[in-house]
Structures are given as structure tokens and as C-alpha cells.
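Report on one structure; see the data block that follows.
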Amino acid sequence: MTKASQRIPPGKSGQSQRRRSTKKDDKLSMWLVGGGAVITLILIVLVLNPPQPGAIEGVVTYSNLARDHIDGPITYPQTPPVGGPHNPVWLNCGIYDQPVKNENAVHSMEHGTVWITYQPDLAADAVTHLRSLVQGHGFVILSPYPNLPKPVVASAWGLQLQLDNANDSRLPLFIAHYEQGPQTPEPGAVCTGGVGKPIG
């Protein structure tokens, strides 16, 4: 067979190149579509299942908290308490300049309230900052608390964050996430019409 007879007929070479090119394009399209589908699926999962509270560093979680109504003083394992048995009447939300009763505040937390407590000897400017931080929130209690383990402690039902100062950037995050947040045992319950006269 001569070299002339081995030549590829006109047009054949271009057709095979086009076929190879089309196959490459098809593979690229499949990768792009598949990758897009995976990214879309990840976004859907994140929207339907947002990151959990543990994302706030230092939050300690407590589970299996009783919700019984009990008259009289109650001893709690945490200081301040994060839930458990409580008084049948909740504490009205707002700012207090005197310590409040654990038993009433715990009932408020059952309604979705965040309870911010601070050491009674906390500097005046720090207390002012805390008041400005919680002002206008319908489900937040702020009060001094004797023998607090840290200068400021943020609590919600089954959750607690202990802080060394009032300016910690995690405090507003805690309020934003847990004020009537996903931990609330009785969503929709009120934080007014109970006991206590907040000053703000």
C-alpha cells in the first residue's frame, strides 16, 4: 500500500477532532452541572439546618432540666440557674438594680428570656454598657447577682456563658441567638404580667 493510499480522506480528520472536542465539552458540562448541584445542596442544608449555638465559643449546655412549678425557695446546681423547677409566676422582663429571685427568673427563661447577671461591684460604666445593650429587648432580664463566678454571666434555658467583662463581643451574639431562641420550652409565652418592677 502506497503512502497516497494511507492518506485520510478529506474531512475525516476534522470530524474526529470535532468528536473529541465535543466529548471534552460534554465532560466539562457534566462536571459543571454536578458541581453546581453539590453547591446548591450544601446551601440548602445550611439554610434548613443553620450552625448550632455551639458556634458561640464558651457556651455550656445543660439538658434534662425539670419544669415543675414549686412554691418556696429552690436550690439550683448552677450559679445563676439555667433552668429546672421554678415558681409558678415568672419575673417581668427588664432592667433591675437589685437582685431578683432565682425561682421567678427561671420561669421567665422557660418563656424564652435571656438573663444577664453581673457582680454587684461591677464598675458603673460597665453596668451602664450592659443596660444600653439590653434596653428595648422584650425578653431580656438584667440584674446584679451576689457571688457570681464571673463578672458577667449570660443565661438562657439550658445554656450559660460566663464572661470576664461587659464588653465581650459574644454577649450581644448570645442575646441575639437565644432571646426567644430555639431552646425556648414555651415559645409564645409572655414576659409581662408577672412579678417584679423593672427600672427600665
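Brief remarks on what is shown
- Residue count for the stretch 96-105 satisfying the condition of being touching a residue at least 40 places away in the same chain (Cβ under 8 Å), buried (at least 18 other Cβ atoms within 10 Å of the Cβ) and over 14 Å from Thr192 (Cβ atoms): 2.
- Test: residue in the stretch 155-168 that is outside the structural domain of Glu103 (by TED's automatic domain parsing) and touching a Pro at 6+ places or on another chain (Cβ under 9 Å): no
- Positions within the stretch 169-197 being without any contact (Cβ under 8 Å) to a residue 40 or more places away in the chain and surrounded by 12 or more Cβ atoms within 10 Å (Cβ to Cβ), in sequence order: Pro172, Ala176
- Scanning the stretch 154-175 for residues that are polar (S, T, N, Q) and under 11 Å from the mean Cα position of the chain (by Cα) yields a count of 0.
The values are calculated or read from the model by the stated rules, or taken from the named source; none is laboratory data. Because the structure is predicted, anything quoted here is derived from the model rather than measured. Neighbour counts run over all protein chains shown; Cβ positions are idealised from the backbone, glycine included.
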